[in-house]
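These notes are about the structure you will find just below.
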């Protein structure tokens, strides 16, 4: 399952989708919105995606991971829209026969998603009493 | 030829819209890139800028048509 969604991510559903009766390990990465960035308070983040390209890119990443590790199941869900600190922005779950490959595959997938998937965040930071500053990094 | 350019991330701020029209005769990706950087010099400050045509990263020599879905892909920042 690859999902780009404006709705809050149902973490358990992502885990269930990736799980398999033949697996001895399910590994989950949950990315959340930090409350501080560039030494300032984050008020909110806006995520957007070029969805058609993003889904194809994540599929390529999963294909490569499946080639490198014996994955039994996988799921990736990325949130878009407006997110506040503490909210879940991305969930990656994989299952495999043993734990080592599940850790490696999960890390590989989230690292690749962060550097390759066509998703952008814009940070809205608080400056002073009423000011905002926008940052793309 | 009139091209419609989709913008994402910081390119939307630089070009000032989600969809920007650019008129270029016999356009290629390379010509589009020079025209865009001429009009919007801030694009040159980006660490990378890819052009996607019909959902695939395009080569500089690729020819463009008015029906193509063209998008600017600045450095991504998901996760």
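Compute the orientation-averaged projected area for chain B from the convex hull of its Cα atoms and round it to one decimal in nm². Kindly include the intermediate steps, with their values, before the conclusion.
On the way: hull surface 20.0 nm².
With the hull built on Cα positions only, its mean projection is 5.0 nm².
Could you work out, residue by residue across A:116-126, how many beta carbons of other chains sit within 10 Å of that residue's beta carbon, and then give the average as an integer? Walk me through the numbers on the way to the answer.
Numbers: counts 2, 4, 10, 6, 11, 5, 5, 1, 0, 0, 0.
That average works out to 4.
Please grab the % of Cα pairs in segment A:44-101 that end up more than 13 Å from each other. Mind showing how you got there, number by number?
Details: 1115 of 1653 pairs.
So the pairs more than 13 Å apart make up 67 percent of the total in segment A:44-101.
What average count of beta carbons from other chains do you get within 10 Å of the Cβ of residues in A:53-61?
On the way: counts 7, 3, 1, 2, 2, 1, 0, 0, 0.
Taking all residues of A:53-61 together, the mean is 2.
How would you rank A:52-64, B:57-69, highest first, on the average number of other Cβ atoms within 10 Å across their residues? Walk me through the numbers before you get to the answer.
On the way: A:52-64: 17.4, B:57-69: 13.2.
Ranked from most to least packed, the peptides come out as A:52-64, B:57-69.
Can you show me the helix-derived [θ] at 222 nm for chain A, built from DSSP H runs with n ≥ 4 at -39,500 (n - 2.57) apiece and divided by the number of residues, rounded to the nearest 500. Please report the intermediate quantities before stating the final value.
Working: 3 runs with 44 residues, N = 137.
After summing the helix terms and dividing by residue count, I get -10500 deg cm²/dmol.
Ratio of alpha-carbon Rg to the 2.2 N^0.38 Å globular estimate for segment A:97-137, to two decimals, please.
Working: Rg = 17.2 Å, N = 41, 2.2 N^0.38 = 9.0 Å.
That works out to 1.91 for segment A:97-137.
Among rounded, prolate and oblate, which fits segment A:1-94 when a ≥ b ≥ c are the square roots of the eigenvalues of its C-alpha gyration tensor, a/c under 1.5 means rounded, and a/b larger than b/c means prolate?
Details: a/c = 2.24, a/b = 1.73, b/c = 1.29.
Cα axes put segment A:1-94 in the prolate bin.
Peptides A:115-121, A:13-19: what's the order by average Cβ count within 10 Å, highest mean first? If you can, show how the numbers build up before the last one.
Numbers: A:115-121: 21.7, A:13-19: 18.4.
Highest mean packing first, the order is A:115-121, A:13-19.
Taking the mean number of other Cβ atoms within 10 Å as a proxy for protection, how do you rank A:92-105, B:6-19 from highest to lowest?
Details: A:92-105: 21.1, B:6-19: 17.4.
Per-residue Cβ counts within 10 Å, averaged per peptide and sorted highest first, yield A:92-105, B:6-19.
At what distance in nm do the modelled label points of residue A:63 and residue B:18 sit from each other, each positioned 7 Å from its Cα along Cα→Cβ?
It works out to 3.0 nm between the two label points.
Quick check: convex hull over the Cα atoms of the protein assembly as shown, volume per residue in Å³, rounded to an integer? Before the final figure, lay out the partial values.
Details: hull volume 28.5 nm³, N = 216.
So the per-residue hull volume is 132 Å³.
Read the figures in this text as sums done on the coordinates, not as results from a lab. Bear in mind that the values here come from a model prediction, so they are computed numbers and not experimental data. Backbone-built Cβ (ideal geometry, glycine too); neighbour counts: all protein chains shown.
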